[in-house]
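Below you'll find the structure, written out as structure tokens, and then a few comments.
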Amino acid sequence: MDRQHRVVIIGGGFGGLSAALKLARAGVDVVLLDRHNYHLFQPLLYQVATGALSPANIASPLRNILNRYPNVRVLLAEAVKIDVENRLVILSDGVVEYDTLILATGSSHQYFGHDDWEQFAPGLKTIDDATSMRRRILLAFEAAERETNPQDQAAWLTFVIVGGGPTGVELSGALGEIAGDTLRHDFRSIDTTRAQIILVEATEAILPSYPRKLQDAAHRMLERLRVSVRTGAMVTKVEEAAVTIRTGAHDEVIRTRTILWAAGVLASPLTRSVADASGAQLDKDGRITVERDLTIPGHPEIFAIGDLAKFTYQGGKPLPGVAQTAIQQGRHAARTIIDRINGRSTPPFHYHDRGNLAAVGHSSAVADLNWLQLSGWPAWLIWLFVHLMNIVEFQNRVLVMMQWGWMYFTHDRSARLITGKDPLPLDL
């Protein structure tokens, strides 16, 4: 008996998981590959980094999500290369055959040609990134408590966030709350409310993709949290204890021991292997240019979705690298595969923009719903609802809702734990 059509999905993020769930009862053999055994709700990583949530609150085991679908197999594996000619995924420890391939490997940090900055300015893409960032933030306050030199103490209490997109804005707002409220009574030698939190954005406004009035509203919210917003400022140098920013013709060196990166993304390195083997074009961010049906030109058996796909058929600009894009593309790729097997045609992919949301501190947010623009508490309620409903497992929704409820009434971030080997300030 011939085997079923095999669909291999690389990546268990929003796009890959959405495709797997859509194919779960489609009469195909599905193999989902991921380096991690869990699906991560990435939009809330900043809350892990700032001690509001624990990692388990925003991550769910992939096997648990998919265990009721006998045609879906989950493999803990790392894909290192694609053999396009022979339809093989080359793993670090083996190979997997495919009839159709869905690439959904996501993205990593983009340092714009300065990869050496990463050691001093970590980004936020994984749970490890979040717990490491949490460690750096909390250790900075611990180090300041022990520091007797006023200038060195000020450096420990200065936090620079690079990138004024949603991640940078949400991270800055959370840091403002930590310094101005959460830790206010925890130390004896320092006044945490005097901490400097500086958000640096190269364009002329934070949240560049949002309407102007929401940009201004978010700016005001951050200022109320004592965040200094520097727009039109470009980072030109990152060192262990300083960052240099250029505004116009003026260079400013900021002494800081905590630099956090939230600027730019770079598609997974696996895209280079696919491009070399298939002749596909990559843009400067490593994304693969795809056809209207999300396949690679000349290879209808390979789909690229999410952060690694450059889809420019709606308005000429690439689609935003957000969860909704990946989810919609994952479902469309799966639907196209099902239609092919059943001899049906599928309309080209069309992205439905459901708007953008960004939380800016405690009970404040901005919401661009296309037909409606809101800021403040009403936007925050929408942000809460949308994020809760998009968390995959019900138990995690309940846990997150309980944590948020506790934090709303007490302003306490119960997950502010310093973890890692030898967590001493001097080792930071």
For segment 270-347, what class follows from the C-alpha gyration tensor (a ≥ b ≥ c being the square roots of its eigenvalues): rounded when a/c is under 1.5, otherwise prolate if a/b is larger than b/c, else oblate?
oblate
Rounded to two decimal places and with Rh computed the Kirkwood way over Cα pairs, what is Rg over Rh for segment 98-189?
1.10
In degrees from 0 to 90, rounded to the nearest 10, what is the angle of the helix 14-23 Cα long axis to the longest principal axis of the chain?
30 degrees
Calculated diffusion of segment 307-428, Stokes-Einstein form, Kirkwood radius summed over Cα pairs, 20 °C and 1.002 mPa s, µm²/s
118 µm²/s
Based only on other Cβ atoms within 10 Å, what is the fewest-to-most ordering of TRP404, TRP377?
TRP377, TRP404
Only helical DSSP H runs with n ≥ 4 go in: add -39500 (n - 2.57) per run for the chain, normalise by residue count and round the 222 nm mean residue ellipticity to 500 deg cm²/dmol.
-9500 deg cm²/dmol
What nm distance separates the two modelled labels at PHE187 and GLU118, each placed 7 Å from Cα along Cα→Cβ?
3.0 nm
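Hey, fewest Cβ within 10 Å first, where do PHE141, PHE409, PHE385 land in order?
Listed from fewest to most nearby Cβ atoms, that is PHE409, PHE385, PHE141.
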Taking the Cα centre of segment 120-163 as origin and charging only Cβ (+1 Lys, Arg; -1 Asp, Glu), how large is the dipole, in debye to the nearest 20?
160 debye
With respect to the cross-link table entries LYS125/LYS421; LYS81/LYS421; LYS125/LYS284; LYS81/LYS125; LYS237/LYS310; LYS237/LYS317, which display a Cα-Cα separation exceeding 26 Å?
LYS81/LYS421; LYS237/LYS310; LYS237/LYS317
For segment 23-130, whose charge dipole is built from +1 on Lys and Arg Cβ atoms and -1 on Asp and Glu Cβ atoms, the candidate among GLN119, SER92, LEU53 with its Cα farthest towards the positive end is LEU53
What distance in nm separates the simple spin-label points at VAL386 and ASP353, each placed 7 Å from Cα in the Cβ direction?
1.3 nm
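In segment 163-215, what GluC sites (Glu not before Pro) fall in a loop by DSSP, with at most 15 other Cβ atoms inside 10 Å?
Those satisfying the criteria are GLU204.
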Counting pairwise Cα distances across segment 1-106, what percent come out greater than 23 angstrom?
30 percent
Compute the convex hull volume of the Cα atoms of the chain, divide it by the residue count, and report the result per residue in Å³ as a whole number.
149 Å³
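Considering only DSSP beta bridges whose two residues both sit in the chain, what percent are antiparallel, to the nearest 5? Don't jump to the answer; show the numbers that get you there.
Values: 36 of 69 bridges.
For the chain, the DSSP antiparallel bridge percentage is about 50.
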In what sequence do SER108, SER172, SER375 fall when counting other Cβ within 10 Å, fewest first?
SER108, SER375, SER172
With +1 on each Lys and Arg Cβ and -1 on each Asp and Glu Cβ, how big is the dipole of the chain about its Cα centre, in debye rounded to the nearest 20?
1040 debye
Between segment 22-52 and segment 304-342, what is the C-alpha centre distance in whole Å?
17 Å
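We did not get these values from a lab; they are worked out from the coordinates using the rules stated. Just so it is clear, the model here is predicted, and its values are computed rather than measured. Neighbour counts are summed over all protein chains in view; Cβ atoms, including those assigned to glycine, are modelled from backbone coordinates with ideal geometry.
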